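All remarks here apply to the structure that follows.
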Amino acid sequence: MARIPLLQLNEISLTFGGDPVFENLSMIVQPGDRLALVGRNGSGKSTLMKVAGGLVEPDKGEVIAGPGVTVGYMEQDPDLSGYATLGDFASATLDEGELYKVERAGEGLKFDPARPVETASGGERRRAALARLMAEEPELMLLDEPTNHLDIEAIGWLENELKQTRAGFMIISHDRAFLRALTRATMWIDRGVVRRQEKGFGHFEEWRDKVWEDEDMQRHKLNRKIKAEARWAVEGISARRKRNQGRVRALGELRAERAAQIGRQGAAAMALDAGPKSGRKVIEAEGITKVYGDKVILNPFDITVMRGDRIALVGPNGVGKTTLLNMLIGKETPDSGTIKLGTNLEIALFDQARAQLDPDMSLWDSLTGDPDMRVSGKADQVMVRGMPKHVVGYLKEFLFDEAQARAPVRSLSGGEKARLLLAKIMAKPSNMLVLDEPTNDLDVETLDLLQDLLGQYDGTVLLVSHDRDFLDRVAVTTIALEGKGKATVYAGGWTDYMAQRDQDDFAESVVKSKQSAARQTDAATPAKSGLSFTEKHRLDVLPKEIARLEAEIAKLEELMSDPDLFTREPVKFQKATDALVARHEKLQEAEEEWLALEEKAEV
C-alpha cells in the first residue's frame, strides 16, 4: 500500500531580484523521513524550507501537505511581540495540560520560560522558538540551524529527542556530528536542482564527489565532441554545404548545451599568513581566578601555551569560556594570579557576536574603512597580507559577487557574515588566531577549507566551539570548563576529552583517597612546609599537568608511527616533530619543578 506523503512540492519556481532561485523544482517528504538538507551558502536551503513551511509563496507551482498533517517551522528570527515572557511565546498554541512540555524543553535547551521578552538575547529567543516547535509535536518538523546558540549539552538533549520522535523532520545544519547521528536520507540543493539520496549525511561527501566527477567526465566528452565537429565544419563543409546543414545545426546545439551548463561555485580563496614568528612561549597563566558576584567562573588555573598549539575551550553556555579566552589574550584581567603574554604577538580575533561588522555599512566600506586594510590614496583597494588588491576582487575570493559589494552587511546571511569577517581577519598577517564560534552558518565546503588552513597555519590557535566534528579535526589540546570554577586540560579534541574524562575522574578519586589516608597518618604531626600559597597550588596541579603532557606525547608518537606520514604530509610531519620536542621540554620542566617543590615542602 502506497504511503501518503507528509509534504509534496510540485514544479516550484521562485525568483528573487530577477535571478531564479528554483525552477520547476519538485520534492516529496514521506512519513518518518529524517532528512539532511545540504548545499552551499546562498544555494537556497533556507528559502526552500520556508516555501515548504508556507512562509514564502512560490511564483509558480504548489505546496501540498498530506491530509491532517501539521508542518512546524523553527523560525531563525521569531517575532515575540505581544508576549511578556519567553514561556508565553513557547506555550501560546498549547492547551493547559500541555504546558509541562515547554518546561521540559526549557530544561533541555537551557532557557528560562520566565525570562521577559525585552531582556532576552537573540539566542534565548531562538531557543524559545525551538522549544515551541518541540512542544507542539507536528508531524513534520523543519529545523533551520537548530544547534546555533546551543551548547554541547543542549545539542545532546535535542539529538536524543529527535532520535526518539516518530515525526518526520528536515534539518539544515553545519554540525556534521549532529547530522550524521540523526539523518537517514540527504537532499542536496546544487545550482537550483534538488537531488535525493536514501543515505544519511555521513555518505554525502562521497556522493557529492561522485556526482561532480561524473559531471566533469560528461563535460569533457562534450568538449571533445564540439572540438571534433568544429574541425569537420572548417575542413569539410565547403564540399558538402547543402547536404550537411543538419550537422552544422547540431554543432550549434552542442555549443548551446555547453553554454547553458551552470558552473559549480568554487571554494572561497581563503588564505592565512602567519606573519613573523611569535616567541616560543605564547601565554603563561599561573593561578588565575575569576568571580562575578557569587558566581565562581574560574578557580586557580594554570596553563602554558606554546607556539603552534591548537587549544579548544569547551563547556556549557555561561560557564565562562569567552571570559577565560579574553583573560588569556589580555582583554580581561583575572581577579588573582598572573598572565604573561609572549613576545611579538599579532592576534587576529573572530568574535562570536560578529561585533567587528557594522550592520549599516556596506561590504565595500567594511573593508576599505578598516585602518589596517586601507591603502593610502586608493579608495577602491585594500591591503591584503601586504599587497594591494581591488576591493571587489578580494570580495570575489570569498564568494561575494560584484552586486553585493555596495549592499549593507545586514542584508547578508549568517554564512555570508562569517565569510566577510574571515575576509577581514585573513587580510592581516597574524601569528595567533582567536576563534569564538567560527563554524556557525558555514557550509560544508567552507568548513573543510577552514580546517585545512588551520592545519597548515604556522601560528597558535585558541578556539571556542560547540561543533564536535570541528573540535576533533582541529584541536590538539582541550580545556574543559565544567562549572563552579573547575577547568581541566586534556590532550586531543572532543572525542579524546570524552574518553579521558572518566579516566581522570577515577584517577582523581584515587588521589583523594590517598591524600585522606596520608592526612590521617600525619594527624598527630604538625605540618611543616616552606611553600608559599602559589607554590602549594603548583604542587597540587603539577601531577595533572605531567599526566596531560605524557598523554599528548603518546598521541603525537602514535601519529608519527605512521611510516608514510613524512612522504604523504611533510608539513604535518614537521609540525608533529616540533610539537613532540616542545612537549618533551615542557614535561622535563614540569618534572623538575615538581621535584624542587617536593623537596622544599619537606623542609
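The values are calculated or read from the model by the stated rules, or taken from the named source; none is laboratory data. Not measured: the values here are computed from a predicted model. Cβ atoms come from the backbone with ideal geometry, glycine included; neighbour counts cover every protein chain shown.
Summed over the stretch 177-200, the residues that are within 29 Å of D19 (Cα to Cα) and touching a Phe, Trp or Tyr at 6+ places or on another chain (Cβ under 6 Å) give a count of 4. Residues in the stretch 18-27: is at least one within 29 Å of F204 (Cβ to Cβ), small (G, A, S) and either crowded, with 18+ Cβ neighbours inside 10 Å or not assigned by TED's automatic domain parsing to the domain that holds G200 (or both)? No, that holds for no residue. The residue that is modelled with the highest pLDDT, among those in the stretch 290-324 that are more than 11 Å from L481 (Cβ to Cβ) and hydroxyl-bearing (S, T, Y), is T304.
Applying the condition of being hydrophobic (A, V, I, L, M, F, W, C) and touching a Ser or Thr at 6+ places or on another chain (Cβ under 6 Å) to the stretch 319-356 and asking which residue is surrounded by the fewest Cβ atoms within 10 Å (Cβ to Cβ) yields L345.
Of all the numbered requirements in (1) modelled with pLDDT under 85; (2) out of contact with any Leu (no Cβ under 6 Å at 6 or more places or on another chain); (3) closer than 30 Å to R310 by Cα, F400 misses one, and that requirement is (1).
Among the listed residues L471, L449, which satisfies the condition of being under 30 Å from E558 (Cβ atoms) and at pLDDT below 85?
After ruling out the rest, the residue left standing is L449.
Taking the criterion of being farther than 26 Å from Q197 by Cα and either at pLDDT below 65 or surrounded by 13 or more Cβ atoms within 10 Å (Cβ to Cβ) (or both), the residues of the stretch 207-227 that qualify are L222, K225, I226.
Out of E62, E75, one residue alone is modelled with pLDDT of 90 or more and of a type in the set (D, E). It is E62. Considering only the stretch 80-96, I want to know if a residue exists there that is surrounded by fewer than 20 Cβ atoms within 10 Å (Cβ to Cβ) and in contact with a Gly (Cβ under 8 Å, 6 or more places away or on another chain). No, there is no match, as no residue in the stretch 80-96 is surrounded by fewer than 20 Cβ atoms within 10 Å (Cβ to Cβ) and in contact with a Gly (Cβ under 8 Å, 6 or more places away or on another chain). Among the criteria (1) in contact with an Asp or Glu (Cβ under 9 Å, 6 or more places away or on another chain); (2) surrounded by 12 or more Cβ atoms within 10 Å (Cβ to Cβ); (3) without any contact (Cβ under 8 Å) to a residue 24 or more places away in the chain, the one E589 does not fulfil is (1). Every listed requirement among (1) buried (at least 19 other Cβ atoms within 10 Å of the Cβ); (2) modelled with pLDDT under 90 is met by V391 save one, (2).
Close contacts from the stretch 467-481, counting a first residue that is free of Cβ contacts under 8 Å to residues at least 60 places away in the same chain and not assigned by TED's automatic domain parsing to the domain that holds G320 and a second that is surrounded by fewer than 22 Cβ atoms within 10 Å (Cβ to Cβ) and not hydrophobic (A, V, I, L, M, F, W, C), with Cβ to Cβ under 6 Å and a gap of 6+ residues or different chains, come to none at all. Among the residues of the stretch 55-77, those that are part of a loop (DSSP other than H, G, I, E, B) and within 30 Å of D401 (Cβ to Cβ) comprise L55, V56, E57, P58, D59, M74, E75, Q76, D77. Scanning the stretch 317-371 for residues that are at positive phi and of a type in the set (S, T, N, Q) yields a single hit, N344.
For the stretch 42-52, a tally of residues being in contact with an Asp or Glu (Cβ under 9 Å, 6 or more places away or on another chain) and either without any contact (Cβ under 8 Å) to a residue 24 or more places away in the chain or not polar (S, T, N, Q) (or both) returns 5. Residues that are within 12 Å of Q500 (Cβ to Cβ) and in contact with a helix residue (DSSP H, G or I) (Cβ under 9 Å, 6 or more places away or on another chain) within the stretch 551-564 comprise A551, E552, K555, listed in sequence order.
Residues checked against (1) at pLDDT 90 or above; (2) of a type outside the set (D, E):
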position	(1), (2)
G97	no, yes
D112	no, no
L143	yes, yes
E161	yes, no
R166	yes, yes
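Quick check on my filter: what residues within the stretch 444-473 are part of a helix (DSSP H, G or I) and not hydrophobic (A, V, I, L, M, F, W, C)?
Matches in the stretch 444-473: E445, T446, D448, Q451, D452, G455, Q456, R468, D469, D472, R473.
Only a single criterion out of (1) modelled with pLDDT of 75 or more; (2) loosely packed, with under 12 Cβ neighbours inside 10 Å is not satisfied by R243, namely (1). Residues in the stretch 281-318 that are within 29 Å of A579 (Cβ to Cβ) and acidic (D, E) were compared, and the one that is surrounded by the fewest Cβ atoms within 10 Å (Cβ to Cβ) is E284. Give all pairs with beta carbons closer than 9 Å in which a residue from the stretch 13-41 that is under 30 Å from K163 (Cβ atoms) and among the acidic types (D, E) meets a residue that is at pLDDT 90 or above and assigned to a strand (DSSP E or B); count only pairs at least 6 apart in sequence or on separate chains. What qualifies is D33/L140; D33/G168; D33/F169; D33/M170; D33/A185.
Here the helices (runs of 4 or more DSSP H) wholly within the stretch 338-440 that include at least 1 residues being in contact (Cβ under 8 Å) with a residue 12 or more places away in the chain and either closer than 22 Å to D77 by Cα or outside the structural domain of K321 (by TED's automatic domain parsing) (or both) are 414-426.
Quick test for you: out of R583, R538, pick the one residue that is crowded, with 16+ Cβ neighbours inside 10 Å and modelled with pLDDT of 80 or more. Checking each option against the conditions leaves just R583.
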